[in-house]
Every structure is written in structure tokens, then in C-alpha cells.
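The values are calculated or read from the model by the stated rules, or taken from the named source; none is laboratory data. Small disclaimer: the values here were computed from a predicted structure and weren't measured. A quick note on method: Cβ atoms are made from the backbone with ideal geometry, for glycine too, and the neighbour counts reach across all protein chains shown. Quick note on the areas: whole protein, heavy atoms, side chains included, nothing else; ligands and nucleic acids left out. Shrake-Rupley method; radii C 1.70, N 1.55, O 1.52, S 1.80 Å.
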Amino acid sequence: MAACITQRSYAMCCSGISTFRLCSHVFCSRGPFYNLQLNSNYGTRGADTSQETQLHIPVDRLKTSYSRSSGPGGQHVNKVNTKAEVRFHVLTADWIPEDVRQKITEKNKNIINKAGELLVTSERSRSQHRNLADCVEKIAAIIAEASEKPYEPTEEDLAVRAARLDKQNRERLRKKKKHSETKQSRRVEFD
């Protein structure tokens, strides 16, 4: 039931996602999945080699709970559970690659509890469905950030960096020599 509500709410609310696009729902033997296309840029700065990777988030493996939200909203805030809280165990999430799981645990220590669950909350909206969709987007963003490959400098970048370092060293030594000459010229010799 909760997975069905999660699926419907995410489908209703994710039409305006900026970096993630909902492709389709896939139903398999394990349950419903969300297909999110993530645009991740790999390669050098000048090259336009953006790759779209598929990310499958199984909704039935996410633990969803709702509670009272804080902030403005009048009597509505006191009556309705709109704050969404989504959690899943990072190390046993086999739908995420192993190296990405390790990066998630390293980068997000502050939102992983002692049981090893990644905890994402949202109370941005007054709607349960939108807050749930926001939590799923946050999870997708965390996974996308952890799956980014680090920038690998090219030989040209290394040559430019070496030339800059050499120039800085020459300039430092020139200034040092000039300062030394200034000090030498101020020295008074007593005979």
C-alpha cells in the first residue's frame, strides 16, 4: 500500500524536476521501480561528453514514514502528517553499485544513523505527496553525486600546471634576490 502511494505521489509531483527525468515505471518480480535519468558529465572541462545513466530506485525497499510538519500553515499543520521521512540501509542496497555505496557512506556521515540507514526528510511542501517526491529526488541526487567520476587531468593540463609552478618559483626567487639587495644597500659598514 505504501509503495503504491509512494509511486503515485512521485509520478504526480516529479513533472518539474530540473536535473532528473522520470522515464517510466518498471514492474518486475521484486516490485515497482522508478527509472531516473541522471545527466552526469565525465571527461575534460572543454569536452562535451555528457552521459545519461539509468538509475533504478526500488520504492518497496524504501521505508517511508510521515509526521507532523513544523512551520507556518495554521491549523492544517497541527492536524495532518505532511513531513515525509524516507530511509534505507545503505550497505545492503544491492540496487546501488558497491563503490557508490562506499562513497555515500563517506560523504554523508551526518545523515546516516547508527543502524547504517540513510535518512532523508522533507517538509518543504504542505502536501505529503510532494514531500515524498522531494525525498526521492534528494536520494537520487545523493546517488548521482557519489557516482560522479573525479576529474582526470590531461597531459596538456599537467604541462600548464608545471609551467605555472616554474614561473611562480622564478618570480619568488627574483623577489627574494631584490629584497636581499635592498637590505645589503642599507647596511652601513664601520671601519
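Data overview
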quantity	calculated
Nearest-20 debye value, segment 87-191 charge dipole, Cβ charges on Lys, Arg, Asp, Glu	920 debye
Environment charge of LYS103, counting only residues whose C-beta is closer than 13 Å and scoring Lys/Arg +1, Asp/Glu -1	-1
Net charge of neighbours whose Cβ lies under 14 Å from the Cβ of SER69, counting Lys and Arg as +1 and Asp and Glu as -1	+3
Rounded accessible area per residue of segment 76-169, 1.4 Å, Å²	62 Å²
Percent accessible area from carbon and sulfur atoms, segment 65-131, protein chains only, probe 1.4 Å	48 percent
Relative packing of peptides 90-97, 162-169 - highest average C-beta neighbours within 10 Å first	90-97, 162-169
Burial ranking of peptide ranges 127-138, 145-156 (average Cβ count within 10 Å, highest at the top)	127-138, 145-156
